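Before any comments, here is the structure.
The values are calculated or read from the model by the stated rules, or taken from the named source; none is laboratory data. Here the structure is a predicted model, which is why all the values come from computation and not from measurement. Here the Cβ positions follow ideal geometry from the backbone for every residue, glycine too, while neighbour counts run over all protein chains shown.
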Amino acid sequence: MKVEQDSFSGYRIYPSKGKLFVRGDSKVFRFSTSKSASLFLQRKNPRKIAWTQLYRRHHKKGITEEVAKKRSRKTVKHSRPIAGTDLTSIAAKRNQTAAARLQARQSAITKAKDDKKAKEAKKPKTAPRTTGGPPKVSKQQMKGGKGGR
């Protein structure tokens, strides 16, 4: 008993069942049902039709015994130095308490403020500018039209 295979769905076709379709270029297509023949003639893609064998193979459905559990690699943490600092100083900062860190920050801020004040004191003070020039005149007034006040 020769069992054929459906050209569209991939199902088995037993003897005396199904349809045979011969295309103009003499290629033979066998279909188990009129449903698969119709979809083939509509030029549908069997990989996109959920019940076909090609769809199941393409989307990896029903392959339970072959699938072994994939081993996941554990990530290993490496501590690398950050540009310009070595690992010991990084470790020291990491082990600092929050209070010590806060105090260091406050001292850095006060030092920066003092430096800025010293810099400002060094600058020569300039007198504020006074506009002793002519009064401001709009374009409209220049042309002799009304405007302004």
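Tell me, which residue of the stretch 30-80 that is of a type in the set (A, V, I, L, M, F, W, C) and more than 16 Å from Y11 (Cα to Cα) is modelled with the lowest pLDDT?
Restricting to residues being of a type in the set (A, V, I, L, M, F, W, C) and more than 16 Å from Y11 (Cα to Cα), the top hit is V67.
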- Considering only residues that are out of contact with any Gly (no Cβ under 8 Å at 6 or more places or on another chain) and of a type in the set (S, T, N, Q), look in the stretch 6-39 and name the one that is farthest from W51 (Cα to Cα). S26
- Only one of these conditions is not met by D6: (1) among the acidic types (D, E); (2) surrounded by fewer than 13 Cβ atoms within 10 Å (Cβ to Cβ); (3) in contact with a Ser or Thr (Cβ under 9 Å, 6 or more places away or on another chain). Which number is it? (2)
- Note on the structure: Within the stretch 8-29, residues at pLDDT below 95 and polar (S, T, N, Q) come out as S9, S16
- Are there any pairs with C-beta distances below 8 angstrom linking a residue in the stretch 73-86 that is part of a loop (DSSP other than H, G, I, E, B) and surrounded by 10 or more Cβ atoms within 10 Å (Cβ to Cβ) to a residue that is modelled with pLDDT under 80 and of a type outside the set (V, I, T), with the two at least 6 apart or on different chains, and if so which? P81/L87
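Listed here are the residues, each with its yes/no results for (1) touching a Pro at 6+ places or on another chain (Cβ under 8 Å); (2) assigned to a loop (DSSP other than H, G, I, E, B); (3) small (G, A, S).
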position: M1; (1), (2), (3): yes, yes, no
position: S16; (1), (2), (3): no, yes, yes
position: L20; (1), (2), (3): no, no, no
position: S26; (1), (2), (3): no, yes, yes
position: R43; (1), (2), (3): no, yes, no
position: R47; (1), (2), (3): no, no, no
position: A50; (1), (2), (3): no, yes, yes
position: Y55; (1), (2), (3): yes, no, no
position: K60; (1), (2), (3): no, yes, no
